[in-house]
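Here's the structure we're looking at; comments come further down.
The values are calculated or read from the model by the stated rules, or taken from the named source; none is laboratory data. Note that the coordinates shown come from a computational prediction; the quantities given were computed from them, not determined experimentally. Virtual Cβ from ideal backbone geometry, glycine too; neighbours counted across all protein chains shown. Surface areas here come from the heavy atoms of the whole protein model, side chains and all, with no ligands, DNA or RNA. Shrake-Rupley method; radii C 1.70, N 1.55, O 1.52, S 1.80 Å.
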Amino acid sequence: MLNQRLQQKLLQKLSPQQILLMKLLQIPTVALEQRIKQEIEENPALEIEEGSEVDEYETNDAPDDQDERDDPDFEEDEFEYDSSGDEFGFDDYIDEGEIPEYRLQVNNSSRDDEHHEIPFAEDQSFQELLIQQLGYRKLDERKNKIGLYIIGNLDDAGYLTRPVEALIDDLLFALNIKASKAEVNDILSIIQDFDPPGVGARNLQECLLIQLRRKQDEHPDIDYKLPIMVIGRFFNEFTKKHYDKIIKRAEITEDELKVAMNEILTLNPKPGNSISESAKLVQYVLPDFIIQNTDGELELSLSNRNTPELRVSRSYTEMLEVYSESKKNSANREALMFVKQKIDSAKWFIDAIQQRQNTLYQTMNAIMGYQREYFLTGDETRLRPMILKDIAEMVSLDISTISRVANSKYVQTPFGTFLLKSFFSEAMQTDSGEEVSTREIKKILRNCIEAEEKNKPLTDEQLTDILKEKGYNIARRTVAKYREQLDIPVARLRKEL
């Protein structure tokens, strides 16, 4: 049976402007430039303000227009109109003071002008270097194809991680080459003789042995027997730093082992990276905030690099003016709708960019005030415990908004450039009842490890006792967790001769 009933619901729905703002808040400054370019390409009604100079950083004053847009739940007025178009407000789109686009254009170039472009140098890749060396060897077509296939299966570090048996199967199915294990190993040994030394190894032990034997061939006057023996016979003890066992089983002295270890430490465990990393582009961190200390007063600036001033296209406002005179013409309705939609979208985007700047400034200004002692001194032990909720209450914004601001943003200080979320930490109480940041404890932990005797590194139990003597009553498992977060290995792996 079909029934009709009246039901009332209260739903919370985000407007397109709010969704746009949340997405813009989350991306850092370096990605904002690409986002603006994408929007300009997709929306012809949005363009860069001509002749506007883009300052590298904004002033330390708060951005203008901190009105109702400071509220993350703001909504722009929406335009409604009926089929006749009588309620369409063209005055909201047209500025009488704007100069027509054609009066601002000038052509100062001709087809006879010379255009010079800067040439870019292209580094040789790791694979190309190996293929070039393979071409220097006098190999027949069959062996050359097998060599090319082996090179194609090397990883970025220069290792052959696939078993030879799997390569034999692939050669048969992919290239119709029936190769034996001995044949593939012979060609692999040729590749292992290429530069950089150690390339083509199947594991770390083989990689180090290849490099040591290459050194022995190139410098016959130097004896590399002991380093080769340590890697060849005692590799398991070497990786676990069981130096006492190596000394006893190899019947050598500690000084002799120290000489061998110094030679082994000069080897490259990832030979492929020495080439591939040089070909990679160097990525620089572009800070989103700049904090400067001027005579004891902290000044905050927003990074405005590569963020141009935006405006609504004059040509589109001129189009609206033309359509306004013939708005009753039904043939222009579709074009009129398109122009209005693009101008609306451009205005929303410009307003969202402005509110993004306002929200970023408010949030970072609150963080700077909360951690004032640290930004003045650079002493990590002066950092106060701080969570997202603390800053959210200070700026009257939602915790999720603060999280988006802190995500992937960097702040440049007189003491270095840091990830913004690294200033957030939990609180821990000392024996005296004082609340300290967990980052302060990690700083003390790092200092203790850096000052330890390298031949007798401190265990987690000893580090726990040291922290308890300083008034930080924490468990051993907590010390182990902090040590792992600092990327510091256990005591056994920190041991040196």
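Here are the numbers for the structure shown:
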| quantity | calculated |
| --- | --- |
| Restricting region 142-250 to GluC sites (Glu not before Pro) in coil, as DSSP defines it, with at most 11 other Cβ within 10 Å | none |
| Of all accessible heavy-atom area on region 320-433, the percent that carbon and sulfur account for (1.4 Å) | 47 |
| Cβ-derived FRET efficiency at R0 25 Å, residue 451 paired with residue 262, nearest 0.05 | 0.60 |
| In order through region 257-262: 3J(HN,Hα) via Karplus (6.51 cos²θ - 1.76 cosθ + 1.60), integer Hz, x for Gly, Pro | 5, 5, 5, 5, 5, 4 |
| Length added when fully stretched, residue 321-residue 434, from 0.36 nm per residue minus Cα-Cα | 34.0 nm |
| Under 11 Å, Cβ to Cβ, from residue 183 - net charge with Lys/Arg +1 and Asp/Glu -1 | +3 |
| P(r) of region 426-497 over all Cα-Cα pairs, binned every 5 Å from zero, in whole percent | 3, 16, 30, 26, 14, 7, 3, 1, 0 |
| Approximate spin-label separation residue 229-residue 41, in nm, with each point projected 7 Å along Cα-to-Cβ | 6.3 |
| Summed side-chain charge close to residue 262 - residues other than residue 262 whose Cβ falls under 12 Å, Lys, Arg +1, Asp, Glu -1 | -3 |
| Around residue 376: net Lys/Arg minus Asp/Glu count, Cβ-Cβ under 15 Å | -3 |
| Cα-centred dipole magnitude for region 349-497, charges only on beta-carbon of K, R (+1) and D, E (-1), debye, nearest 20 | 420 |
| Cross-link table 421/456; 240/468; 245/454; 143/240; 248/442; 347/409, entries beyond 28 Å C-alpha to C-alpha | 421/456; 240/468; 143/240; 248/442 |
| Contact order normalised by residue count of region 299-400, Cα under 8 Å, 6+ apart, percent | 22 |
| Spin-label model distance (nm) - residue 480 vs residue 415, 7 Å beyond Cα toward Cβ | 3.1 |
| Pairwise FRET efficiency - residue 304 versus residue 9, Cβ, R0 = 41 Å, nearest 0.05 | 0.40 |
| Kirkwood Rh in Å, taken over region 196-254 so that all alpha-carbon pairs contribute | 12.2 |
| Cα-centred dipole magnitude for region 173-305, charges only on beta-carbon of K, R (+1) and D, E (-1), debye, nearest 20 | 800 |
| Theoretical FRET efficiency, 1/(1+(r/R0)^6), r = Cβ-Cβ of residue 497 and residue 50, R0 56 Å, to 0.05 | 0.25 |
| √(5λ) per eigenvalue of the Cα gyration tensor, region 368-427, largest first, Å | 20, 13, 10 |
